[in-house]
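Derivation of every value follows stated rules applied to the coordinates shown; laboratory data play no part. All values derive from a computational prediction rather than experimental measurement. Positions of Cβ are backbone-derived with ideal geometry, glycine not excepted, and every protein chain shown enters the neighbour counts.
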Amino acid sequence: MLKNILLLTFLIITINAASQNSVTNDSDKHAPIDTIWGREVKDTYRWMEDIRSPETLNWLKTQDTLRDKYKGEKLKSLTEHLKHYSTIYGKPIFKEGEYFFSFHHNIGATPSLYYNKQGFFSHDRFLFDPNRLDNSAVISIDEIKLSSDNKILAMLLSKDGSDWKTARLLDMETKELLNDTVDFIKYSHIYWYNNGFFYSKFDVHNTWESFSSIIKGEALYYHRVGTNQNNDLLVYKPTNEYDGFSFLVTPENKYLIIERTGSVYTRLSISLLNDSLIFENKDFIITNNKNIYYDVLGELNGKLLIRSNIYAPNGAIYQFNINAINQGEIFLPEGSQQLESSVIIDNKILCTLSSGKKSFALVVDSTGKLLYRWFIPDGNKFTHISGSIDDPLAIYYFNSFFSPSSVFRINLETFENIPVDTTYINFSNENITTEKVFYYSKDSTVIPMYLTYKKGIKMDGNNPVLLYGYGGFGKSMEPFFNPANIILFNNGGILATPCLRGGGEFPGWHGKGMRFNKQNTFDDFIAAAEYLINEKYTNPSKLAAMGGSHGGLVVGACMVQRPDLFKVVVAIAGVFDMMRYHLYNVGYGYTNEIGNITDSLDFENLIKYSPVQNVKNGVDYPATLLVAGYNDDRVNPFHSFKFLAELQEKGSRNNPYVLYYNIRGGHSGNTIFEERLNENAYIYSFIFKYLGMEKKIR
C-alpha cells in the first residue's frame, strides 16, 4: 500500500571508452578464476561485490561525473508532466480495530500516519511522522498492527529502503512512542497476542551482514510490551539454520500456525495459544510437493479453513481437522476461474476470482452457500481486501493499467457497495483500453498478453512499445498504474504485459518457468517481442523492454540472447550474476526457483543464461539503463555493477550502457515521493529518447 511500482532515486553512472579501458585492464590482471564442475569461470569484476570498498566507491564517483550525458532532452518537461499526472486526490484507507488509518504525503519526506474513529468521511487527525526519528536517513512506515484492545499500535519501520525493519510501539491515547525497540526483523509480519506480539528475526549483529555474506538462523520470538528485546521468548527455531518458515496468528486469536519449508518438504504445525505461552507446534499438514500453497484463513465451524491448490489447480477452500495429519474436506469447491484470495469477515468468506480480463468477488456464508457476487470493470483487478471477523465492513481496492486504485467498502450484511474515497485524476483515460491477445512461444505453448493503448492508434509497425515482464516465483502479472505510461499512451505508445511462464496465472504455470525450465520464461518474453513485430504493432527500433527484480533478470537474459529485438532495455534491481547470487542475504532461499551452482545440473543450466557471464565482445546491445539502490539488501546492487561493467567493456559503442544509482534506496526504491518522481522521469526520458519519441512530447 505504501509502495508504488517504480523505484529508486538519483546518481546516473556511465563509462566512456577511455575510463572503461583503465578499469577493465586493471581488473583483468587480478580477476579470480573459479573452477566449477570442471569448467573455468572468470570473474573480472568480483571486487565490485564489496560495494563499500574504496575501489567501488571511486568507480561510482567517476561515473557520476557523466551522469547527465545520456539523459533525455525532455527530462525537465517530462518531470513536470509526471508531477501533474501523479497529483491524485485520494488516499489509501484501511481499518485496524476501531480505527481508520491513512497515509498523507509530506513534501520532501515520507508519508505521515493519520487516523480517525468516526469513519471514512470524517476528518483525519495526525498520528505519527516517521521523519522525526532520524534527520540523516529516510524512515518509512512499512506496516502497522493494532493491539486487540486498540491501545497500542505496532509499526514496522524501514531505514533508507532496507528490507530490515525495526518495530516501535505507539500509545494510541498519548500519541507517544513507548521505549520498546525490536530490531533485525526481516520478511516478517507482526501478530499481537495478549500484552505482546510475535515476530521473526535472523541471527545477525548488524544489518550490513546481508551485504557481505548470507544471513541465516531465522527464529520466531514473542515480545512482551515494556521489556527489553534481549528477554524475548524464543518460540520456534528450525533445526536446520537454512530452513525458512512463515507464521501467523489466526484472526480469532486462537491458534499460532507455523509453515516450515525445507528443501523437499512443507509442514504446517498448529499451537493453541495460551497465557502460559507454551507451544506444542503439532503438525497437521505434511507434503513434499513444493508447488502446493496453503493460505490459512482462520477457524470456522470448529475447523481450520485453508485456501489451497491441492487437488484443485485453480484453488479451492478446504476444512482441515487439526487433530490429524492431512485430513481435510472441501468447503468451497474449485471453479473454472482462478481463486486468488479469500478472507473471513463477519463469519462469512469473501473471495476474489479472475478469468481473463474479468475479475469478480463473491461472498459465501459459514456453510459455503453463495450470498452475493459482484464484478469490477474489465481490465481491472483486486489488489487489496481487508476486514475483521467480527465486523461486516470490508474494504477493497482495484486498479488497471491506466487508472490508479479505486477504494470501495461493502457491508456483508446489507451488501451496500460504494466508493469510500473519490480518486480524482488530472488526465483523461476514457479512450484508453486494454485488450488480451495470444501468441505462441518457442515450444508452441500459447501465452496470453495484455496490450494497453489509446483507441484509434494506427497499427502500422511504427508504434513505440514498452514490453514489461516478470515471470517468476508464481507471481501473476497484475495491472499496475504508472503515470508515465499515460504519456506513452498519449503519444501513440503501447504497454505490453505478457503472462510469462514462471508466474502464477494458470495451474502449473509456475513450475513450467522455474529452475531447469527458466529458459521457458525467457523464450516467452522473446516470443512476445517477435509477435509484436510480426503483427505490425511495432519494430525493433521502437521496442523497449523493462522488468524489475526477477523481471530484471528476464530482460537482462533476453537482451543478451536476442539483442537484435530491442532498441532500449531498462532493468530495475535485477539479478544478473547467477554464479554468485546465493552467497548473499538469503539467496539460498531462492534455489528452488532458480537453482544453485553447487549442483552440477543447476550449474550447467545457470551458466547458459547468466547475464554477467554471457556478454560477448563487439555485440551491438540495446541502449541499456540499469537501476540499483545502495541499500538493496534483497538483490545486492553489485549485480547491476558487474553487468554494467561487462557491457561497457565488451559491448559495441553504438549504444550507451548507463546506471541510475539511488544512494538512499532499497529494493523497492526510495519512499520519498519527489525522489520516486525524479527517478521515474529519468527512466522514461531514457526510453523515450532512444525510441525517438522526444519530439512528440510537449
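Given the DSSP H assignment, sum -39500 (n - 2.57) over each helix run of at least 4 residues in the chain and divide by its residue total; what's the result at 222 nm in deg cm²/dmol, nearest 500?
-5000 deg cm²/dmol
With unit charges on the beta carbons (Lys and Arg positive, Asp and Glu negative) and the dipole taken about the Cα centre of region 130-257, which residue among 130, 228, 193 sits farthest to the positive side?
193
Please give the peptides 526-535, 373-382 ranked by average Cβ packing (other Cβ atoms within 10 Å per residue), highest first, as a rough proxy for protection.
526-535, 373-382
Can you run phi through the Karplus equation (6.51, -1.76, 1.60; θ = phi - 60°) for region 523-539 and list ³J(HN,Hα) in whole Hz, with x for Gly and Pro?
Here the 3J(HN,Hα) series is 4, 5, 5, 4, 5, 4, 4, 5, 4, 4, 6, 5, 8, 6, 7, 7, 9 Hz.
Expected output is a single nm value to one decimal: the length gained when fully extending between residue 506 and residue 536, i.e. 0.36 nm times separation in residues minus the C-alpha distance. What is it?
8.0 nm
Using packing as a proxy for protection, rank 240-252, 496-508 so that the peptide with the highest average count of other Cβ atoms within 10 Å comes first.
Those peptides, ordered most packed to least, come out 496-508, 240-252.
What list do you get for 494, 286 if you sort them by fewest beta carbons within 10 Å?
Ranking 494, 286 by Cβ neighbours within 10 Å, fewest first, gives 286, 494.
Can you give the FRET efficiency for residue 39 and residue 174, using 1/(1 + (r/R0)^6), R0 = 60 Å, r = Cβ-Cβ distance, to the nearest 0.05?
FRET efficiency, residue 39 to residue 174: 0.40.
Treating the beta-carbon of each Lys and Arg as +1 and of each Asp and Glu as -1, no other charges, what is the dipole magnitude of region 321-381 about its Cα centre, to the nearest 20 debye?
Here region 321-381 has a charge dipole of around 220 debye.
Once you have the Cα-Cα distance between residue 53 and residue 282, take 0.36 nm times their residue separation minus that, and quote the gain in nm to one decimal.
77.7 nm
Suppose each label sits 7 Å from its Cα in the direction of the beta carbon; what would the residue 214-residue 248 distance come out to in nanometres?
Inter-label distance under the simple model: 2.8 nm.
Go through 75-82, 270-277, 454-461 and give me the packing order, highest mean Cβ count within 10 Å leading.
Sorting 75-82, 270-277, 454-461 by mean packing, highest first, produces 75-82, 270-277, 454-461.
What does the charge dipole of the chain about its Cα centre add up to, to the nearest 20 debye, if the Cβ of each Lys and Arg holds +1 and the Cβ of each Asp and Glu holds -1?
Here the size comes out at about 1860 debye.
Under 8 Å for C-alpha pairs, at least 6 residues apart: give me the relative contact order for region 255-305, rounded to a whole percent.
After rounding, I find 28 percent.
Once the dipole of the chain is set up with Lys and Arg at +1 and Asp and Glu at -1 on Cβ about the Cα centre, which of 94, 182, 662 lies farthest towards its positive end?
662
Among 70, 250, 351, flag the residue with its Cα farthest along the positive direction of the charge dipole of the chain, charges on Cβ as +1 for Lys/Arg and -1 for Asp/Glu.
Of the candidates, 70 comes out farthest on the positive side.
Once the Cα atoms of helix 638-650 and of the chain are each reduced to a long axis, what angle between those two axes, in degrees from 0 to 90 to the nearest 10, is obtained?
Computed tilt is about 20 degrees.
What's the angle, to the nearest 10 degrees (0 to 90), between helix 54-64's Cα axis and the longest principal axis of the chain?
The two axes meet at around 70 degrees.
Could you tell me which of rounded, prolate or oblate describes region 567-698, using a ≥ b ≥ c as the square roots of the eigenvalues of the alpha-carbon gyration tensor, with rounded for a/c under 1.5 and, failing that, prolate when a/b is larger than b/c and oblate otherwise?
Judged from the Cα gyration tensor, region 567-698 comes out oblate (a/c at least 1.5, b/c at or above a/b).
Cα-Cα over 18 Å: which of 165/216; 76/696; 76/567; 518/542; 216/282; 303/475?
Among 165/216; 76/696; 76/567; 518/542; 216/282; 303/475, the Cα-Cα distance tops 18 Å for 76/567; 518/542; 216/282; 303/475.
Using a Förster distance of 25 Å, how high is the FRET efficiency between residue 564 and residue 445, based on the Cβ-Cβ distance and rounded to 0.05?
Working from the Cβ atoms, E equals 0.65.
Take the Cβ-Cβ distance between residue 237 and residue 599 as r, set R0 to 30 Å, and report the resulting FRET efficiency rounded to the nearest 0.05.
The calculated FRET efficiency here is 0.65.
Helix 75-86 sits at what angle to the longest principal axis of the chain, using alpha carbons and giving 0 to 90 degrees rounded to 10?
That helix lies at roughly 20 degrees to the long axis.
So how do 176, 340, 674 line up by other beta-carbon neighbours within 10 Å, fewest first?
Neighbour counts put them in this order, fewest first: 176, 674, 340.
Of the listed values [x] 28.6, 101; [y] 28.9, 106; [z] 25.1, 74, grab the one calculated as Rg and Dmax of the Cα atoms in Å from the structure here.
[z]
Dipole size in debye (nearest 20) for region 583-638 around its Cα centre, Lys and Arg Cβ +1, Asp and Glu Cβ -1?
160
Subtracting the Cα-Cα distance from 0.36 nm times the residue separation, let me have the gained length for residue 311 to residue 391 in nm, one decimal.
Roughly 25.6 nm would be gained on extension.
Please compute the contact order of the chain in relative form: average sequence separation of alpha-carbon pairs under 8 Å and at least six residues apart, divided by the residue count, as a percent.
Relative contact order for the chain comes out at 15 percent.
Points 7 angstrom from Cα along the Cβ direction at residue 289 and residue 653: gap in nanometres?
Between residue 289 and residue 653, the label points sit 5.8 nm apart.
Over region 162-291, calculate the relative contact order: mean separation of alpha carbon pairs under 8 Å at least 6 apart, over the residue count, as a percent.
Normalised by residue count, the contact order of region 162-291 is 14 percent.
Leaving out same-chain residues fewer than 8 places away, which aspartates and glutamates sit with a Cα under 17 Å from that of residue 650?
Counting by Cα, and skipping residues close in sequence, residue 650 has these aspartates and glutamates nearby: 26, 28, 43, 564, 577, 620.
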